[in-house]
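Worksheet: the structure to be examined is printed underneath.
Each value in this text was obtained by applying a stated rule to the coordinates, not by laboratory testing. Worth saying up front: this structure is predicted, and the values here are computed from it rather than measured. Note: ideal-geometry Cβ built from the backbone for every residue, glycine included; neighbour counts use all protein chains shown.
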Amino acid sequence: MLVPVFNEERYIQRSLAAIRRQTYKGELEFLLVDGRSSDATRAILERLAHEDPRIRILDNPQRSVSSGLNVALKHARGRWVVRMDAHTVYPEDYIALGVERLRAGGTHWVSGPPLPEGHGRVSRAVALALSTPLGRGGSRKWGREGERDDPELELDSGVFGGVWKRSTLLEYGGWDERWLRNSDSEMAARFLERGERLICLPAMAAKYVPRDSVVGLWQQYVGYGRYRARTSRSHPSSMRRSHLLPPAALLSATLAIAGQKKLRAIARIGTGVHVAGLLLTGVRALPDAQKPADAALVPVVLGTMHAAFGYGAIADVAEHGLPLAALARACGLAQLSASVAAEPDPVFAPSLT
């Protein structure tokens, strides 16, 4: 198991307890790759490694998730590889189900959906937001409670971890370390371009803890927007039309305030529709909320997610240019997209090689 960690003292013991309970009938090794944490994470890991010889602690000097995964992949010794997060609790049969599905054939990538579970006021509001269409953004990867027995589904580049053969990941070159965020999606795009099927099993659903501060949520989604735009530039087929909505909403809000008179009037209509959608989503979340205040925060966190993603995407476009091939493809202009698409760069994975 490949587990990159950085300052995870709040969740690492809970997550590792679930990881160590895996029922897979075979030898396991847990590769915990520390990005030089400044809290008690390393001390907790060392104590747990002393208790359980299956735990190996590795150093991640580059400190990114993608570099940490490559460090772990380089040191992995098993036939199967599982990518796990330190702030997620996985079901006990996660590995067993993933390996069983890989052995059945027809896919080289099996994953489960994340089930958002908030542990604080903002975190609970984010979990509610991620159960709504405006929070999911068209992605099929998100799960809901009670879906364990549902049939498997195929994903696009929106993925959450996974289980693979180690040889498959090495063949694909590992994770590209230029992607500080969205590296799973970038790798998924490479799989899809070669005709792979990405399978998601609802029975492998894992409980994921969202950010518990608006500032942290903003930083997270700025990164998502920036690197999703970068993924679209390198892999045009990875863009969904829903990826265009957050930057469009942010531009509309900006024009509603600072645009020319005629543009302001049009932009205010668009912004009004967006705000109304956020408020309505908060109202609809009320029956599922642990506390009414959590539902009241849903429009705030959704607005933060949309604005941050839009800002990150626009910032990347300003720095690197429009993903023209992806935009053409999203508009249904496949021939134009193919004519302007650039050859993607080779995978950059120095921590692996």
Could we say that VAL82 is within 23 Å of GLU177 (Cα to Cα) and either part of a strand (DSSP E or B) or in contact with a His (Cβ under 9 Å, 6 or more places away or on another chain) (or both) here? yes
Counting residues that are crowded, with 20+ Cβ neighbours inside 10 Å, of a type in the set (S, T, N, Q) and under 25 Å from the mean Cα position of the chain (by Cα), which helices (runs of 4 or more DSSP H) fully inside region 289-353 reach at least 3? none
Being of a type in the set (Lys, Arg) and in a helix (DSSP H, G or I) is the filter here; which residues of region 227-257 pass it? ARG228, ARG230, ARG233, ARG241
Residues in region 139-177 that are more than 21 Å from ARG79 (Cα to Cα), among the hydrophobic types (A, V, I, L, M, F, W, C) and crowded, with 18+ Cβ neighbours inside 10 Å total 3
Total residues in region 32-55, condition in contact with a Leu (Cβ under 7 Å, 6 or more places away or on another chain) and surrounded by 18 or more Cβ atoms within 10 Å (Cβ to Cβ): 6
Before we move on, is LEU180 among the aliphatic types (A, V, I, L, M) and either crowded, with 23+ Cβ neighbours inside 10 Å or under 13 Å from the mean Cα position of the chain (by Cα) (or both)? yes
Residue, farthest from the chain's Cα centre (by Cα), within region 190-221, restricted to residues that are in a helix (DSSP H, G or I) and surrounded by 22 or more Cβ atoms within 10 Å (Cβ to Cβ): MET204
Conditions (1) closer than 28 Å to GLY118 by Cα; (2) touching a residue at least 24 places away in the same chain (Cβ under 8 Å); (3) crowded, with 20+ Cβ neighbours inside 10 Å; number of the one not met by GLY282: (2)
How about region 228-246: which of its residues are surrounded by 21 or more Cβ atoms within 10 Å (Cβ to Cβ) and closer than 17 Å to ALA307 by Cβ? ARG228, ALA229, HIS243, PRO246
